[in-house]
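Notes to accompany the following structure.
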């Protein structure tokens, strides 16, 4: 169950980041002096905000079941790697080979950090 909580936390955090990016991309509008109520209809923003809240609750649940030095590196690095891959697949953002190498370094680094603790 604790690993499922970590995976759900990563998915929630990465999804929230994707939705906030979508919410800030034209033609969507965010509040400005000329249109202060534009955020009311910006559903990706509100859904992203809700998913950030869910990610926080899942992080707290993971901390209740795992040591901080395991839960935090896995959740944060998992979200970083997932966002890099999702931004490529869904947003068609650039993906240089250095991003792939960075993701591999993240995975290896976290594995080294948690290897003697888990």
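Looking for something farther than 24 Å from residue 25 by Cβ, touching a helix residue (DSSP H, G or I) at 6+ places or on another chain (Cβ under 7 Å) and touching a residue at least 40 places away in the same chain (Cβ under 8 Å) - is there at least one such residue anywhere in the stretch 107-115? Yes, because at least one residue in the stretch 107-115 is farther than 24 Å from residue 25 by Cβ, touching a helix residue (DSSP H, G or I) at 6+ places or on another chain (Cβ under 7 Å) and touching a residue at least 40 places away in the same chain (Cβ under 8 Å).
Of all the numbered requirements in (1) over 15 Å from residue 16 (Cα atoms); (2) touching a residue at least 12 places away in the same chain (Cβ under 8 Å); (3) within 15 Å of the chain's Cα centre (by Cα), residue 82 misses one, and that requirement is (1).
FYI, it's all coordinate maths here, none of it is from the lab. The structure presented is a predicted model; accordingly, all values stated were derived computationally and were not measured. Glycine also receives a Cβ, built like all others from the backbone with ideal geometry; neighbour counts cover every protein chain displayed.
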